[in-house]
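The block underneath contains the structure these notes are about, expressed in structure tokens.
The values are calculated or read from the model by the stated rules, or taken from the named source; none is laboratory data. Since this is a predicted model, take the numbers as computed values, not measurements. Using ideal geometry, Cβ is built from the backbone for each residue, glycine included, and neighbour counts are taken over all protein chains shown. We work out accessible area using only protein heavy atoms, side chains counted, and drop any ligands, DNA or RNA first. Shrake-Rupley method; radii C 1.70, N 1.55, O 1.52, S 1.80 Å.
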Amino acid sequence: MGHQRPNTRSKGKRNRGDDCADVAAEIYRNVLSTRLVTKDDVNQLYMIWKPACQGCRINTKDNPNCFCGLIPLQNGNRKSGLWQKTSEVVNALGSDPSDDCRASPETPAGLTNLGATCYANSILQCLYMNKSFREGVFSIEPDVLKQQPVLDQLARLFAKLHLYKMAFVDSAPFIRTLELDNGVQQDSHEFLTLLFSLLERCLSRSSVLKARTIVQDLFRGGVSHVTMCSKCGNESEASSKIEDFYELELNVKGLKSLDESLDDYLSVEELQGDNQYYCDSCATRVDATRSIKLRSLPAVLNFQLKRCIFLPNTTTRKKISSAFCFPEELSMTRRTSEHFQSELIYDLSAILIHKGSAANSGHYVAHIKNENTQQWWEFDDEHVSNLGCQPFGKGSSHSAVKPSQTEQLDHSSSDVIIENGNEPDAGERQASKTDVTKVKTFSSCDAYMLMYVLRRPKNCDKMPIDSSGYIVEKEACTSSEVDSHLPPHLYEEVEKLNDSYVDSCEQYKMKKESEVNCIMERRLEVRSILSKAAVQSPEEFYFWISMDWLRLWADNIVPS
């Protein structure tokens, strides 16, 4: 057998337990034999002779004068009870209402997502952030609001977005009024089209001109489908018919920029061979051309990018996720068939983004510019983030690139600069001119709708529009820009909500302070008493207290 090493783990150590047991056994024998119990016997058996413990971190079982394990060390914590982290105690009170307060009055409010209502939230934020539309909604008479639930809930929603102190507003009342299924994702374009139609019908009851035609005044333009005989040059009778539009639907597949998509939209189609056109003037079938003519443009020009296409072979829809470029500043002057006294320059005001690779699912967010501050904000349901002076912020995955063809403004030559502010190389620049306008161009693989707002002349409060919703040319406007004001009944309603919200914040704050103060005072009490609880000498007068009871007393916020 191999040599076995001796166990040296306890070598030289004194077996304290056996020593104590031997002493206790001796005392018991003396007591039994003499039938007497001395004070010294009690001191020895209960180990009262042991001095007060000075920090062993755990309660020493054989020392009745040890209180170390009852409470943690200074600044120490436990998982529960009186000595748990203060933050855990505060969490038990529930969420702090003040956490949902707007960062500042200038920070827009978000909208709650009821399950799959991000498409509606994004559109509603685009409409609310348009100051002219918002003022139109606020100008609706209270009597009309009472008669039209949709308008009433829209006005209430806008009022809360405008003045509510909370960082987000509950969209449920408005969504319920529209009878939308909040569990089904819908297309934002279809929702906007239906919403405009519904609002027009409801607003027709208003006697306030600003409110009654606000949808048409801001968003309606006119197009004609023109067919022209290549032989006699006459246009078809239907060519003179002007059709209303509220957004232009542009192809994206195979196209790289908004400029290319507009060229595609307004391109001329040749009608030849089997597609020849019957000309009434020539009284025969002839070659002809067919195209779309922009007869009038609205103050707010929406471009619906056709990213979702239908696949006939599989009868399914597919999303096109290719990069698409669009300018910060857009000139539409050369694209209209009519001649205007002033140029039609539009500024990018909102981008609706569809995240996800599938056409029938995904998530909508909106990037919108504040007209007053020129700051961009991302609206992602309840969450609103500041993007600064760029529509995609800094360091975004939505990279900005220089497209092959850029939007050239008619009033001056232009260079192109990318989103991060870097200019093209010198060799790529046009010849230096005295009047150069730099046009920022952005690129996105998920941009689904673009909203442009007609630039107001420097001497005009807003672009004048006639009763039919089309732009009217005037030499000057002198009215000053005024902030939108809520109707008195809506203002009072939101103020009551704000008072209730502020009160709930104060109540929580008082409850939190009371609870924290109670805990701190209780901890101080326990530490103070235990610091004086040790018996310094067996000669002192003392009480025996159960360690289990003492442990409960020292660990409960409200002692028994």
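With all protein chains present, how much of the accessible area of the stretch 294-381 (probe radius 1.4 Å) comes from carbon and sulfur, to the nearest whole percent? Mind dumping the intermediate values first?
Working: 1690 of 3470 Å².
Whole-percent figure for carbon plus sulfur exposure: 49.
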- Message: Through the Karplus equation 6.51 cos²θ - 1.76 cosθ + 1.60, θ set to phi - 60°, convert the phi angles of the stretch 488-501 into ³J(HN,Hα) values in whole Hz; use x for Gly and Pro.
- Response: x, 5, 6, 4, 5, 5, 5, 5, 5, 5, 5, 4, 5, 5
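Just want to confirm a number: the relative contact order over the stretch 266-349, from Cα pairs under 8 angstrom separated by 6+ residues, in percent.
Numbers: 90 pairs, mean separation 17.5, N = 84.
Normalised by residue count, the contact order of the stretch 266-349 is 21 percent.
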- Hz values of 3J(HN,Hα) by residue in the stretch 142-153 - Karplus curve (6.51, -1.76, 1.60), Gly and Pro given as x: x, 5, 5, 4, 5, 7, 10, x, 5, 5, 4, 6
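Please give the contour-minus-distance gain from ARG35 to VAL90: 0.36 nm per residue of separation, less the Cα-Cα distance, rounded to one decimal in nm.
Details: separation 55, 0.36 × 55 = 19.80 nm, distance 5.92 nm.
13.9 nm is the gain from fully extending ARG35 to VAL90.
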- Query: Mind listing the phi-derived Karplus ³J(HN,Hα) values for the stretch 259-274, rounded to whole Hz, using 6.51, -1.76 and 1.60 with θ = phi - 60°, and x for any glycine or proline?
  - Reply: 4, 5, 5, 5, 4, 5, 5, 9, 5, 9, 9, 8, 9, 9, x, 5
- Could you pull out every residue, at least 5 positions away or on a different chain, whose amide H is within less than 5 Å of the one on LYS440? Hs are placed 1.01 Å off N in the peptide plane, and Pro or chain starts have none. GLU328, GLU329, ILE417
- Query: ALA167's amide H: which non-local residues (gap 5+, or another chain) put their own amide H closer than 5 Å, with H modeled 1.01 Å from N in plane and none for Pro or chain starts?
  - Reply: CYS101, ARG102
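What is the percent carbon and sulfur in the accessible area of the stretch 51-127, measuring with a 1.4 Å probe over the protein chains and ignoring ligands? It would help to have the intermediate numbers written out before the result.
Values: 1970 of 3900 Å².
About 50 percent, which is the carbon plus sulfur part of the accessible surface.
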- Which FRET efficiency, nearest 0.05, do LEU198 and ASN234 yield, Cβ-Cβ r, R0 30 Å? 0.15
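Could you sort MET166, MET510 by their accessible area in this structure, using a 1.4 Å probe and putting the largest first? Each step should come with its number before you reach the end.
Values: MET166 30, MET510 115 Å².
Ranked list, largest accessible area first: MET510, MET166.
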- With a 10 Å radius around each residue's Cβ, average the other Cβ atoms per peptide and rank 375-384, 522-531, highest first. 375-384, 522-531
- Note on the structure: For the stretch 248-314, dividing by residue count, accessible area per residue (probe 1.4 Å) in Å² works out to 50
- Message: Accessible area per residue for the stretch 508-560 in Å², computed with a 1.4 Å probe and the full protein assembly in place, what is it?
- Response: 75
- Task: Could you list, in their original order, any pairs among LYS256/LYS440; LYS369/LYS440; LYS160/LYS496; LYS319/LYS440; LYS319/LYS369; LYS160/LYS394 whose Cα atoms are separated by more than 18 Å?
- Result: LYS319/LYS440; LYS319/LYS369; LYS160/LYS394
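Tell me the relative contact order for the stretch 176-283 as a rounded percent, counting alpha carbon contacts under 8 Å between residues six or more apart. Present the calculation step by step, with values, prior to reporting the outcome.
Numbers: 68 pairs, mean separation 18.8, N = 108.
Worked out over the stretch 176-283, it gives 17 percent.
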- Task: Please work out the FRET efficiency for the pair GLN276 and ILE309, using the Cβ-Cβ distance as r and a Förster radius of 30 Å; give the result to the nearest 0.05.
- Result: 0.55
- Item | Average Cα contact separation per residue, the stretch 103-214, under 8 Å, 6 or more apart, as relative contact order % | 41
